[in-house]
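Novice: Below: one structure in structure tokens.
Please treat every number below as a calculation from the coordinates, not as lab data. Because the structure is a prediction, the values reported are computed rather than measured. Positions of Cβ are generated from backbone atoms using ideal geometry, with glycine treated the same way; all protein chains shown enter the neighbour counts.
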Amino acid sequence: MAQFTLRVNDETREVDVAPETPLLYVLRNELGLTATRYGCGKAQCGACMVVMDGEATPSCVVPVVAAAEQPVLTLEGLADGDRLDPLQQAFIDGQAVQCGFCITGMIMSAHALLERTPRPSRAEIKQALASNLCGCGTHRRIVRAVERAAERLSA
């Protein structure tokens, strides 16, 4: 066990865990941030995506020791109190959520994209979401929600 200082959602948090503990487990079990989901444990489904240093990152394969060096953003960090982030609102407005399991990862991947490319093309959106799987088949609505969010954010 070792003590790590993490910067999660603009808040400094201390954890005492083994250095190789996946960030996903630390977020969920130590910090109580349960929006980030466990899917495959192999960085192949996107359910566990967080944003680290501006990049969508699968938290299931990032050891906490690596995460201690950079800011981490989870879904819980997007909203401003009761006011949802425009991206979150676009997913709701566009009914882009069916079962909801993949959506956290989708939103975090889309957030990273919109931070670096405020007006992405449809192809750029699809590329940014390529490592996020959705078994319900709502990809068209998800892509459209990201397009709507981009429109709102750049207006």
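Novice: Relative contact order of the range 2-77, please, whole-number percent, based on alpha carbon pairs below 8 angstrom and at least 6 residues apart.
Specialist: On the way: 145 pairs, mean separation 28.9, N = 76.
Contact order relative to length: 38 percent.
Novice: Here's another thing I want to ask about it. For the pair Thr12 and Ser154, how long in nm is the line joining their label points, each one 7 Å along Cα→Cβ?
Specialist: 3.8 nm
Novice: Match the structure shown to one of the listed values (i) 65, 30, 22; (ii) 45, 30, 25; (iii) 57, 27, 17 of Cα extents along the principal axes in Å, computed from it, and give that label.
Specialist: Entry (ii).
Novice: Pull up all non-local amide H partners of Asn9: gap of 5 or more, or a different chain, and H-to-H distance under 5 Å with H placed in the peptide plane.
Specialist: Val72, Leu73, Thr74
Novice: From the phi of every residue in the range 128-136, what ³J(HN,Hα) in whole Hz does the Karplus formula 6.51 cos²θ - 1.76 cosθ + 1.60 yield, where θ is phi - 60° and glycine or proline is x?
Specialist: Once θ is set to phi - 60°, the couplings for the range 128-136 become 5, 9, 4, 9, 10, 9, 10, x, 7 Hz.
Novice: Work out how far the C-alpha atoms of the range 2-77 reach from end to end along every principal axis, then list the three figures in whole Å, largest first.
Specialist: Over the range 2-77, Cα extents along the principal axes are 29, 23, 20 Å.
Novice: Given charges of +1 on the Cβ of Lys and Arg and -1 on the Cβ of Asp and Glu, with all other atoms neutral, how large is the dipole of the range 86-154 about its Cα centre, in debye to the nearest 20?
Specialist: On the way: 9 positive and 5 negative charges, 33 e Å.
That gives a dipole near 160 debye.
Novice: Please sort by residue number the GluC sites (Glu not before Pro) in the range 56-155 whose DSSP state is loop and whose Cβ has at most 14 other Cβ atoms within 10 Å.
Specialist: Values: sites: Glu69, Glu76, Glu115, Glu124, Glu147, Glu151; in loops: Glu69.
Listed in order of number, the matching sites are Glu69.
Novice: Return an integer: the convex hull volume of the alpha-carbon atoms of the range 86-154, in Å³ per residue. Can you show the working numbers first?
Specialist: Details: hull volume 4.7 nm³, N = 69.
Hull volume normalised by residue count: 68 Å³.
Novice: How large is the dipole of the chain about the Cα centre if only Lys and Arg carry +1 and Asp and Glu carry -1, each at its Cβ, rounded to the nearest 20 debye? Show your work: numbers first, answer last.
Specialist: Values: 15 positive and 18 negative charges, 172 e Å.
Using Cβ point charges on Lys, Arg, Asp and Glu, the chain gives about 820 debye.
Novice: Contour minus end-to-end for Glu55 and Gln89, with contour as 0.36 nm per residue of separation and end-to-end as the Cα-Cα distance?
Specialist: On the way: separation 34, 0.36 × 34 = 12.24 nm, distance 2.13 nm.
Net length gain for the segment: 10.1 nm.
Novice: While we're looking at this one, here's another question. Report relative contact order for the range 86-154 in percent, whole number only (criteria: Cα-Cα under 8 Å, sequence separation at least 6). Display every interim value, and only then the final one.
Specialist: Working: 67 pairs, mean separation 36.6, N = 69.
That works out to 53 percent.
Novice: Mean residue ellipticity at 222 nm from the helices of the chain, using -39,500 (n - 2.57) per DSSP H segment of n ≥ 4 over the full residue count, to the nearest 500 deg cm²/dmol? Working shown, then result.
Specialist: Details: 5 runs with 49 residues, N = 155.
Mean residue ellipticity, 222 nm, calculated: -9000 deg cm²/dmol.
Novice: Normalising by the residue count of the chain, find the relative contact order in percent from Cα pairs under 8 Å and 6+ residues apart.
Specialist: 24 percent
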